[in-house]
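Working notes for the structure below.
The values are calculated or read from the model by the stated rules, or taken from the named source; none is laboratory data. What you are looking at is a predicted structure, and each value in this text was computed from that prediction instead of being measured. Reconstructed Cβ throughout: ideal geometry from the backbone, glycine too, with neighbour counts over all protein chains shown.
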Amino acid sequence: MQRVLLLVDRLSTRLGQLFAWLIVALTLMITWEVFSRYALNSPHDWALDAQIMMYGTLFMMAGAYTLAKNGHVRGDVLYGFFMPRTQATLDLILYFLFFLPGVVAMTWAGWNFASESAAIRESTFSATPLPVYPFKFMIPLAGGMLLLQGIVEIVRCVQCIRDGAWPSREQDVEEVDVDKLKAMVHVKDEDIYGLDKYVAPPKGGAQ
């Protein structure tokens, strides 16, 4: 089972990393458009539509990746102090109450939305029209990936409730090295969860 969970993690991670290259493409496109508009006096009427679709694709396809890394924003003022079993129980309830209904609805409606767009070969209204339906197919794709990763997270919640500890997940580059940060301030995981110990700094202060 753990192998399957990590396989889905890797799929979400690879797709997220692949679509992250749109940031580079967007940067180059915006830079060129600004140069073309103000230096060459030759703006492109389709550029804004292309930028919006690229950004929308990037934003949507980051959902499953962020969920795989447990990176979505949550109101964790109290959550961070709960024991793992309490966290998992709360997460499990919220997944069934809010996550599953919302993501299933988005995926289903997104597929119908994209299918109708493809049927009429929908395009933008600019002087140089761009096809819209490929972009709209990103909605059910992103929803399907988010739903798959959400099922994995639900299984992890059940495992945590059973075992009392969160199972492992696929690792990736972090903005902050959490382990090094904990070592610098002399904090251990059990101190965070239990709040009943204090690790005193070594004599002489930090190095």
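Among the residues of region 64-92 satisfying the criterion of being within 13 Å of E153 (Cβ to Cβ) and among the polar types (S, T, N, Q), which is modelled with the lowest pLDDT?
N70
From the list R14, R3, pick out the single residue that is out of contact with any Phe, Trp or Tyr (no Cβ under 8 Å at 6 or more places or on another chain), modelled with pLDDT under 90, of a type in the set (K, R) and loosely packed, with under 13 Cβ neighbours inside 10 Å.
R3
Do you know which residues across region 105-133 are surrounded by 14 or more Cβ atoms within 10 Å (Cβ to Cβ) and not in a loop (DSSP other than H, G, I, E, B)?
If the condition is that a residue be surrounded by 14 or more Cβ atoms within 10 Å (Cβ to Cβ) and not in a loop (DSSP other than H, G, I, E, B), then M106, T107, G110, W111, F113, A114, S117, A118, S123, P131, Y133 are the ones that fit.
With P140, P131 as the choices, which residue is in contact with a strand residue (DSSP E or B) (Cβ under 8 Å, 6 or more places away or on another chain) and of a type outside the set (D, E, K, R)?
Exactly one of P140, P131 is in contact with a strand residue (DSSP E or B) (Cβ under 8 Å, 6 or more places away or on another chain) and of a type outside the set (D, E, K, R), namely P131.
Only residues that are acidic (D, E) and surrounded by fewer than 18 Cβ atoms within 10 Å (Cβ to Cβ): list them for region 34-69, please.
D45
Is it true that T86 is in a helix (DSSP H, G or I) and closer than 18 Å to W166 by Cα?
yes
Please work out which residue is farthest from Y133 (Cα to Cα), limiting yourself to region 47-83 and to residues that are assigned to a helix (DSSP H, G or I) and of a type in the set (S, T, N, Q).
T66
Test P84 against the criterion of being more than 14 Å from the chain's Cα centre (by Cα) and in contact (Cβ under 8 Å) with a residue 12 or more places away in the chain, and give yes or no.
The answer is yes for P84.
Here are some conditions: (1) touching a residue at least 60 places away in the same chain (Cβ under 8 Å); (2) assigned to a helix (DSSP H, G or I); (3) over 16 Å from R169 (Cβ atoms). F99 meets all but one. Which one does it not meet?
That leaves (1) as the condition not met.
Enumerate the pairs (first residue in region 140-169 and within 15 Å of G16 (Cβ to Cβ) and touching a residue at least 60 places away in the same chain (Cβ under 8 Å); second residue anywhere and outside any helix (DSSP H, G or I) and not basic (K, R)) with beta-carbon separation below 8 Å, excluding pairs fewer than 6 apart on the same chain, so at least 6 apart or on different chains.
Final answer for the pair search is R169/N70.
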